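Below is one structure; the comments refer to it alone.
Rule-based calculations on the coordinates, nothing more; no lab input. These numbers come from a predicted model, not from an experiment. So basically every Cβ, Gly included, is an ideal-geometry build from the backbone, and we count neighbours across all protein chains shown.
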Amino acid sequence: MTGDVYVVVEHWNGTIAEVSFELLGLGRQLAQASGGKLHALVLGPEAKEVAAACGAADVTICVEHDALAGFSPEAHITQLAAILKDRSPAFTLVSNTSKGMDVAPALAVALKVPVVTNVAAVAVNDGAIVATSQLYGGKIAVEAELAGGRAVLSLLAGAFPADHGKSAGAGAIETVVPAAQLGGSRVAFKRLIEAEASDVDISKQEILVTVGRGIQDKDNLPVVQELADALGCPLCASRPLVDAGWLPKSRQVGKSGVTVKPKIYLAIGLSGAPEHVQGMKDATTIIAVNSDPKAPIFDVAHFGVVADLFDVVPALTEKVRELRG
Amino acid sequence: MHIVVPLKQSPDLVEELEVNAEGNDIDRQGLKLQVSEWDEQALEEALCLKEASGANVTAITADWGGADLVLFTALAKGADRALKLVGDFSTTMLDNHRLARALASTVEQLGANLVLTGVQSVEDLDGQIPVLLAAMLGWPHVSVVTGVELTADAAQVKQEHSGGLVAELEVKLPAVLGVQAARRAPRYAPVSKVRQMQKGAKLEQLSVAAQDAGSGLKVRRVFKPQVAARAEILEGTAEEIAAKLLAVLRERGLSL
């Protein structure tokens, strides 16, 4: 076993994902603590391009193969396991994204090491790795200790600063020969469909009203739509409402939707699950209305109202209308 | 085509969660459980596939909480078979490896072509069930699936990525798919139909052996996270709150 840290870098067509910098930053810290080196793992035909952005790593490992184009879970896991099984790193860091959800548990089974999911903090105490996960929609934290000093960690996006993983420096590049089994992958990546064109780009708005499950019924949507109309901004929603077909996908804020940074973000009837918070926590001012005083949304909001949205929202709409004449 | 749908009962987050006396789990006494919302989506997608191409659907769940009602409801919605896994699940709650091993042996016995289950649950500490299950079975898998079409020996699936990107993949069967969302909202099972199943339908049972090899994790502490800063709470009548909110909006850059 070594104290080395390996970061699985994510990219689409050569553009590195922001979350990979968060992992590289944490990886740098862990490598220092455990006296090892930081390695970045970049797979795909564009690996060399992406490696240029991984200056924070001591070594960037590149594997170029057509089976690694786009994202086939099986091909990526096969290749990563082939690289890591003989190197026995202390930490393998993966982000808790769609790709990471496919990679982290499978890699842990292949390498016969534990995996911790939804990780928001990592510490090394007397040689033992302690990872803290956010579970139950962010309401409960669980501190897990890993025996054996090795782990695959799946990290929540936004939990670690990206700045620490950005470096103008250039580490060494190591090119690895693709694994022989890649040709036999049972999962074939076909193509990437770009997001549908939409009437409005919610990532470019100064103010947003977003509604969550607290609205209860589709028939209640006019209550919040009227506020959005009065404020002259689009109405957005959390995942469950979009899945139910109440609002279009282009209006979904969060991990699997759009990341937004407006000046003002009004969260109405939203509990504040980590998947949602990830997409809006960088708004300048966050105002939350929720009837549950313990809703996690109040932990990220700057201003909170603990009340029935059906009382407060119409009253606010009325006030805004009065002012706008 | 035989589709197996594992359903997991997990805490309803509408309820307040407490930490147990030992501080190593949530307090599960009297806890309100529900079928994990992603598993509901997986069952719906399985039933849609059955309607589209005539598959057989088997719903399975581990014997805790309201397992019987979960299975009768699945039958009422249109599942062909319902199977309850019986055994000691006391160490399974925060250990998905153990649950996945029990599911893997069950899936092997049932001879499934496809497993559809929720991409995650609200209590995934040691990896998500579909990927662990696939890794243990040696089957291919895709997570965060939002659309499935079946041919004789493969599934065409849509995988959702952040930023509104969707990938199309082809997966050879047998496979495990972690479902994010079904093609339509999960159907509702009328109470009368569930009752009818409770009277007439049969639940199968399968004993699963205790699973020794778990997650390899030791839970040191379970706690409610302390937050550095909380929102400034605005109080008053609806009218007063609205006035305060308006003041905040104007101060923070809303031009009216």
Count charges around A:Arg150 for me, please; just the other residues with Cβ under 15 Å from its Cβ, Lys/Arg as +1, Asp/Glu as -1.
-> 0
Quick one: among B:Ala242, B:Ala134, B:Ala175, which has the greatest mean-square fluctuation in a GNM of chain B with alpha-carbon springs under 10 angstrom?
-> B:Ala242
Taking Cα atoms, the helix B:67-77 axis meets the longest principal axis of chain B at an angle in degrees (rounded to 10) of 80
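Students often check this: by mean Cβ neighbours within 10 Å, which of A:291-299, A:16-24, B:56-64 ranks highest, and how do the rest follow? Before the final figure, lay out the partial values.
Numbers: A:291-299: 19.4, A:16-24: 23.7, B:56-64: 22.1.
Packing order, densest peptide first, comes out as A:16-24, B:56-64, A:291-299.
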Using a cut-off of 19 Å between alpha-carbon atoms, which lysines can reach A:Lys204, once sequence neighbours fewer than 8 places away in the same chain are excluded?
-> A:Lys249, A:Lys255, A:Lys261, A:Lys263, A:Lys281
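Taking every residue in A:184-193, how many Cβ atoms of other protein chains lie within 10 Å of its Cβ, on average?
Numbers: counts 0, 3, 10, 12, 7, 5, 7, 4, 6, 6.
Mean partner-chain Cβ count within 10 Å for A:184-193: 6.
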Which of the aspartates and glutamates could be linked to B:Lys8 by a straight reach, that is with a Cα gap under 12 Å, when you skip same-chain ones fewer than 8 residues away?
-> B:Glu37, B:Asp39, B:Glu40, B:Asp63, B:Glu123, B:Asp124
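Please work out the FRET efficiency for the pair B:Gln198 and A:Ala244, using the Cβ-Cβ distance as r and a Förster radius of 35 Å; give the result to the nearest 0.05. Don't skip to the answer; put the middle values down first.
Working: r = 28 Å, r/R0 = 0.81.
The calculated FRET efficiency here is 0.80.
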Which FRET efficiency value, to the nearest 0.05, do you get for B:Ser53 and B:Asp25 by plugging their Cβ-Cβ distance into 1/(1 + (r/R0)^6) with R0 = 51 Å?
-> 0.75
Report the paramagnetic label zone for A:Arg321: residues of region A:226-246 whose backbone N is under 15 Å from a point 7 Å from Cα along the Cα-to-Cβ axis.
-> A:226-232
Cα pair count fraction exceeding 31 Å, expressed as % - the protein assembly as shown | 50
Any idea how far apart A:Asp199 and A:Ala128 come out in nm if each label point goes 7 Å out from Cα toward Cβ?
-> 5.7
How high is the relative contact order of region A:5-184, in percent, counting Cα pairs under 8 Å that sit 6 or more residues apart?
-> 30
Peptides A:55-61, B:21-27, B:165-171: what's the order by average Cβ count within 10 Å, highest mean first?
-> A:55-61, B:165-171, B:21-27
Please give the average number of partner chain Cβ atoms lying within 10 Å of the Cβ of each residue in B:135-144, rounded to a whole number.
-> 6
Helix-derived mean residue ellipticity, 222 nm - over chain A, DSSP H n ≥ 4, -39500 (n - 2.57), to 500 = -8000 deg cm²/dmol
For peptide A:309-318, how many partner chain Cβ atoms fall within 10 Å of a residue's Cβ, on average?
-> 4
For region A:202-324, take the alpha-carbon Rg, divide it by the Kirkwood Rh, and send me Rg/Rh.
-> 0.92
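Is there a quick way to get the dipole size of region A:202-324? I mean about its Cα centre, with the Cβ of Lys and Arg at +1 and of Asp and Glu at -1; what is the value in debye to the nearest 20? Don't skip to the answer; put the middle values down first.
Values: 14 positive and 14 negative charges, 99 e Å.
Once rounded to the nearest 20, the dipole reads 480 debye.
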Normalising by the residue count of region B:2-207, find the relative contact order in percent from Cα pairs under 8 Å and 6+ residues apart.
-> 26
Straight-distance crosslink candidates among lysines, where the alpha carbon sits under 23 Å from B:Lys199 and sequence neighbours closer than 8 are dropped | B:Lys77, B:Lys84
Equivalent ellipsoid semi-axes, region B:2-207, via Cα gyration tensor eigenvalues times 5, rooted, Å | 25, 21, 17
Cα centroids of region A:247-325 and region A:25-51: how far apart, whole angstrom?
-> 36
Can you give me the Cα centroid spacing of region B:195-256 and region B:35-86 in angstrom?
-> 25
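Rounded to the nearest angstrom and ordered from largest down, what semi-axes does the equivalent ellipsoid of region B:135-252 get from its C-alpha gyration tensor (root of 5λ)?
On the way: eigenvalues 369, 126, 121 Å².
Result for region B:135-252: semi-axes of 43, 25, 25 Å.
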For the protein assembly as shown, the dipole about the Cα centre with charges only on Cβ (Lys and Arg +1, Asp and Glu -1), to the nearest 20 debye, works out at 460
Note, B:Asp124: beta-carbon cut-off 15 Å, +1 each Lys/Arg, -1 each Asp/Glu, net -4
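Remind me, what semi-axes does region A:4-45 give for its equivalent ellipsoid, largest first in whole Å, using sqrt of 5 times each Cα gyration tensor eigenvalue?
Details: eigenvalues 93, 22, 4 Å².
Semi-axes (√(5λ), whole Å): 22, 11, 4.
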Under a point-charge model restricted to the Cβ atoms of Lys and Arg (+1) and Asp and Glu (-1), what is the dipole moment magnitude of region A:152-261 relative to its Cα centre, in debye to the nearest 20?
-> 480
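Could you work out the relative contact order of chain A? I mean the mean sequence separation of Cα pairs under 8 Å and 6+ apart, divided by the number of residues, in percent. Let's see the in-between values first.
Numbers: 707 pairs, mean separation 48.9, N = 325.
Reported as a whole number, the value is 15 percent.
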What ranking do A:138-146, A:207-215, B:152-160 get when scored by the average of other Cβ atoms within 10 Å per residue, highest first?
-> A:207-215, A:138-146, B:152-160
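Hey, any idea what Rg/Rh is for chain A, computing Rh the Kirkwood way over Cα pairs? Display every interim value, and only then the final one.
Details: Rg = 21.9 Å, Rh = 21.3 Å.
Across chain A, the Cα-based Rg/Rh ratio is 1.03.
Computed FRET efficiency, Cβ-Cβ of B:Asp68 and B:Thr151, R0 41 Å: what is it to the nearest 0.05?
E between B:Asp68 and B:Thr151, to the nearest 0.05, is 0.70.
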If each K or R counts +1 and each D or E counts -1, the residues other than A:Val9 whose Cβ falls under 12 Å of its Cβ total -4
Under 27 Å, Cα to Cα: Lys pairs in region A:5-184, sequence gap 8 or more or different chains | 13
